[in-house]
Structures are given as C-alpha cells and as structure tokens.
Amino acid sequence: MNKHIYFTLLLIIISFLSCKNYEYRCSTNTISDNDKKLKKQKIDSINNRIIEKSLIIEKEIRKHFNYLEQFQNLLPPEIGDKYYDFSGVNSNGEFMKISDIKGKYILLKFTGTGCGACVKSIPELKRVYEKYHKSLEIVNFYADLRVYDWLKYVEKEKISWLTLCDGRGMNSYTWANYGIRGIPTFYLINKKGIIVKKWIGYSYGQIEEQIKLIIENNN
C-alpha cells in the first residue's frame, strides 16, 4: 500500500471516529438536558401540589382558629398531670383534637422545621414508630407560621405519623399552655391521658430508651 492511500484511509477513519464521538457527546448532553428538565418538572409539580394543599389547610386553620380561644393561663403540665387537650389541622387538611386518639400511648413532640435537633431525631422516631405503632401514636406539633414550609418538610422527611399545625407559630395557645421554651420538647402520655415522661432536647437513643422503659414495662 503506498503512503498516499494509507494516509487517506487514516484520515477517513479519524474523521469517522470524530463524528461518532461528537454524536455521543451530543446524545449525552441531550440526555442530561432531558434529565434536568424532567427533574425540574417533577420539583415544580411537587411544589404546586404542596402550594395547593397549603392553601386548603390555611383556609381550614382560619376557619377554626380565628375564633377559638384556647389559652387557659394554666401552669404547664408535669409528670403525673393529665395532658391538656388541644386541636390542630393535620397534613390532610383535617381538623382534629389530641383526644381523638383512643387506646394508645401518645408521644407528643413540639417541633419546628428549622430545628437541627428536631431533624436529627427523625430517624429514631421512624424506628420507634415502626416498632411500637400498634400501641403508640406519635404527634408532631409544629411551630411554623407558613403552612407550605411545614408540608414540604413533612414530605421531604417522609414523616408517616400524625403532624399538626395551627398556623400561629410560637404564639400558639397550645405552646403557651404547655409552657414550651425550647424544641424539641417531648411528652409521653399513657393510655389514661397521664403524662409519664417529659424531656427537652434530643440525644441519640433517648427516645427509644424512654419508650421501651414505659411501654414494655406496662404491657
């Protein structure tokens, strides 16, 4: 094969490979762009759904809490006291009271979406709920003024237990009645409505230890 033919063939092969490489990069970029578009569409869809839901819940909150006077000027309940009943709107937009929960222990957690220790407690709460959900109901009461923030947080963290909000933030009468000074604050309530444990803050293993101590020793 003479040199002229050899170099001509070599140039053809290089040109072919370059085109294929360009096509691959174009294809990759297209896939990447499509993925970004799909991801953005998914995020927009979730946000729109949460916004629509938050508007419904805000309407429900105004309906119930613009005229209900729940502040009782009571001393915060302590261990051995009966819990103070209170109401809120859940993440499905339903108005409910804590007293609607029957025949179960209740772990009441006062919390907020901007609380670091509250976020850290979620994996442990998930384990506790999975293990004890037949005899225990967990109730998160949120200090958020924006319903959207609360709903987005609940969805992001995949919280499956009961979450409530009254849209008043830390000015909530429920917070005042319970004398909440820091979050997370936990109350463990027995089946008779008596507070058997109370603690403030979170450290790893604390929730499981308290639940196991009370529930397993009383069943």
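At a glance:
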quantity	calculated
Selection count, segment 114-163, where residues are out of contact with any Ser or Thr (no Cβ under 8 Å at 6 or more places or on another chain) and of a type in the set (A, V, I, L, M)	10
Index of the failed condition, Y204 passing every other in (1) hydroxyl-bearing (S, T, Y); (2) more than 19 Å from the chain's Cα centre (by Cα); (3) surrounded by fewer than 16 Cβ atoms within 10 Å (Cβ to Cβ)	(2)
Residue that is surrounded by the most Cβ atoms within 10 Å (Cβ to Cβ), among those in segment 176-186 that are modelled with pLDDT under 90 and either among the hydroxyl-bearing types (S, T, Y) or not in a loop (DSSP other than H, G, I, E, B) (or both)	N177
Matching residues, segment 166-219, being within 21 Å of V147 (Cα to Cα) and acidic (D, E)	D166
Residues being in contact with a strand residue (DSSP E or B) (Cβ under 8 Å, 6 or more places away or on another chain) and modelled with pLDDT of 90 or more - total across segment 155-165	5
Candidates Y202, Y178 - the one that is closer than 14 Å to I98 by Cβ and touching a Pro at 6+ places or on another chain (Cβ under 9 Å)	Y178
Any strands (runs of 3 or more DSSP E) falling wholly within segment 51-148 and containing at least 1 residues that are modelled with pLDDT of 95 or more, under 28 Å from K192 (Cβ atoms) and not β-branched (V, I, T)	105-111, 136-142
Criterion violated by R168 - all others in (1) surrounded by 15 or more Cβ atoms within 10 Å (Cβ to Cβ); (2) more than 20 Å from I79 (Cα to Cα); (3) modelled with pLDDT of 90 or more satisfied	(3)
Residue match in segment 145-155 (condition: under 20 Å from L75 (Cα atoms) and either surrounded by fewer than 19 Cβ atoms within 10 Å (Cβ to Cβ) or of a type outside the set (G, A, S) (or both))	no
Checking T163 against (1) in a strand (DSSP E or B); (2) over 20 Å from the mean Cα position of the chain (by Cα); (3) within 28 Å of N92 (Cα to Cα); (4) among the β-branched types (V, I, T), the condition it does not meet	(2)
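Matching residues to (1) within 13 Å of K109 (Cβ to Cβ); (2) of a type in the set (F, W, Y); (3) in contact (Cβ under 8 Å) with a residue 12 or more places away in the chain:
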| site | (1), (2), (3) |
| --- | --- |
| K120 | yes, no, yes |
| P123 | no, no, no |
| I138 | yes, no, yes |
| F141 | yes, yes, yes |
| W150 | no, yes, yes |
| W161 | yes, yes, yes |
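The values are calculated or read from the model by the stated rules, or taken from the named source; none is laboratory data. Keep in mind that what you see is a predicted model, and the values were worked out from it rather than measured. Ideal geometry is used to build each Cβ from the backbone, glycine not excepted, and the neighbour counts take in all protein chains shown.
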